[in-house]
Amino acid sequence: MFLSVFDMFKVGIGPSSSHTMGPMMAAARFLDMMRTSPFEFHGLRASLHGSLAFTGVGHATDRATILGLAGFVPDTYDAEKAEAVLTQIRATGMIEPEGLAPLRFAPANDLVFDYDNALPGHANGMILMATDAQGDVTLRETFYSIGGGFVMTEAELAAGKDTDDGAPVPFPFKSAAEMLQMSTTSGKSIAQMKRANEDSRIGHENLRSGTRRLWQVMNDCIERGLANDGILPGGLNVKRRARGIHQKLLEERGMNLTAPHTINDWMSVYAMAVNEENAAGGQVVTAPTNGAAGVLPATLKYYLDHVPGASEAHVEDFLLTAAAIGGLVKYNASISGAEAGCQAEVGSAAAMAAAGLCAVMGGTPAQVENAAEIALEHHLGMTCDPVKGLVQVPCIERNGLGAIKAVSAASLALRGDGTHLVPLDACIETMRQTGRDMSEKYKETSLGGLAVNVPNC
């Protein structure tokens, strides 16, 4: 099993990896299918199902689908150009993707939110269709956005989760137990094994430049979030708070009356800054999802800015260790809130961040595995119940608390010798079972929990 660090961490746009980035990527894949098809196309249609329908407006799923069909992709997204293209499509009822003839597409008629017919493969389902001159469907594909920006066709999902058909990697661990055994046998750290796997696929220089870019985008997102204020879009009138909190923290620095627990506010404000940017549709890195994008950058920022002896030379090890843990969670359970609740998003993010921090602070592989388990265990059962379908309440603050838990988990693990009662594999399996048993209304549908008990207008 191999999931690259660049699969777990993708540069994209807010507010949701599964509901915004995924549909955009699905649309891009559908355009590629059309370009290689022998048919001549004259129009497009799309339908959104399950969670993509129920919370699609709040997550800008309709907008992402339209822009994806127009040729936009998350990694190179240009917000100003996107606005101009959307205006043109709505005015003309036509889409003009590169490499294809102009296509009929009137969003009000050709993009359907189907609330009644969930698709069988996953909670986040969508169908894309291309039509001929008479309006008959001549190409159709079902896509599932399975979390973290990952997209699979119906056939790919049915084929199973181990779809990697690349060359074998040196350390193909599929479980935490295998990971620790390989580490013991090889004498390598988790980061070193992950680096060897990445090098075998993409080369050392691509890995180095890619991880540098990931942290640059993460840190830039934090800085923008700390600088911006105002009201977040979406209708809840949620006020950005990161800038104000950060200014107060800066003013209090060096004051003798500052309480020790104020360090928690620093962790929280870094995470909130990211998730406020995400909620505003800004550029973020999935870590492993957009809804949980603030936990890991906040933990890494805490390490670099607040831990004595910290060094940016360790950033790559942090990200590689975190990606190894995230890959185990994704392969053996889920990182999708629509599939397993927020335990799969913020819980996974906290486990990844705890592992990364433990590693760069000198933790052994056993301590790293322990840190990940502690962080994940204490998110088990967490539901995904966004008010009005927006990635704002409770998501923004939840990332702050996830970062605090990640740091605490790493610290606890470092205080021990790595031996502990609950293996990470057991915790991941428990999360999978809990997600399976969880009521659908608590899995990113906004049909339960805070979403129905908090006034949303």
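The values are calculated or read from the model by the stated rules, or taken from the named source; none is laboratory data. The model shown is predicted, which means the values in this text are computed figures rather than measured ones. Note: ideal-geometry Cβ built from the backbone for every residue, glycine included; neighbour counts use all protein chains shown.
Any idea which of Leu414, Leu376, Leu401, Leu380 is among the hydrophobic types (A, V, I, L, M, F, W, C) and in a loop (DSSP other than H, G, I, E, B)?
Going through Leu414, Leu376, Leu401, Leu380 in turn, just one is among the hydrophobic types (A, V, I, L, M, F, W, C) and in a loop (DSSP other than H, G, I, E, B): Leu380.
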Within the stretch 145-199, residues at positive phi and surrounded by fewer than 15 Cβ atoms within 10 Å (Cβ to Cβ) come out as Gly160, Gly187
How many residues, within the stretch 201-216, are touching a strand residue (DSSP E or B) at 6+ places or on another chain (Cβ under 9 Å) and either surrounded by fewer than 18 Cβ atoms within 10 Å (Cβ to Cβ) or polar (S, T, N, Q) (or both)? 1
Since Met182 meets every condition but one in (1) under 23 Å from Gly68 (Cβ atoms); (2) not in a loop (DSSP other than H, G, I, E, B), which condition does it not meet? (1)
Can you find even one residue in the stretch 324-333 that is in the same structural domain as Asn399 (by TED's automatic domain parsing), more than 20 Å from the chain's Cα centre (by Cα) and surrounded by 24 or more Cβ atoms within 10 Å (Cβ to Cβ)? no
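The rows are residues; the columns are (1) among the basic types (Lys, Arg); (2) touching a Lys or Arg at 6+ places or on another chain (Cβ under 8 Å); (3) surrounded by 22 or more Cβ atoms within 10 Å (Cβ to Cβ).
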{"site": "His261", "(1), (2), (3)": "no, no, no"}
{"site": "Glu276", "(1), (2), (3)": "no, yes, yes"}
{"site": "Ala279", "(1), (2), (3)": "no, no, yes"}
{"site": "Val285", "(1), (2), (3)": "no, yes, yes"}
{"site": "Thr289", "(1), (2), (3)": "no, no, yes"}
{"site": "Leu296", "(1), (2), (3)": "no, no, yes"}
{"site": "His306", "(1), (2), (3)": "no, no, no"}
{"site": "Ala313", "(1), (2), (3)": "no, no, no"}
{"site": "Phe318", "(1), (2), (3)": "no, no, yes"}
Select, from Thr445, Thr434, the only residue that is in a helix (DSSP H, G or I), among the hydroxyl-bearing types (Ser, Thr, Tyr), within 21 Å of the chain's Cα centre (by Cα) and under 30 Å from Gly125 (Cβ atoms). Thr434
Please list, ordered by first then second residue, the pairs with beta carbon atoms under 7 Å, 6 or more apart or interchain, first in the stretch 95-124 and at positive phi and assigned by TED's automatic domain parsing to the domain that holds Ala53, second surrounded by fewer than 14 Cβ atoms within 10 Å (Cβ to Cβ) and not aliphatic (A, V, I, L, M). Gly99/Arg35
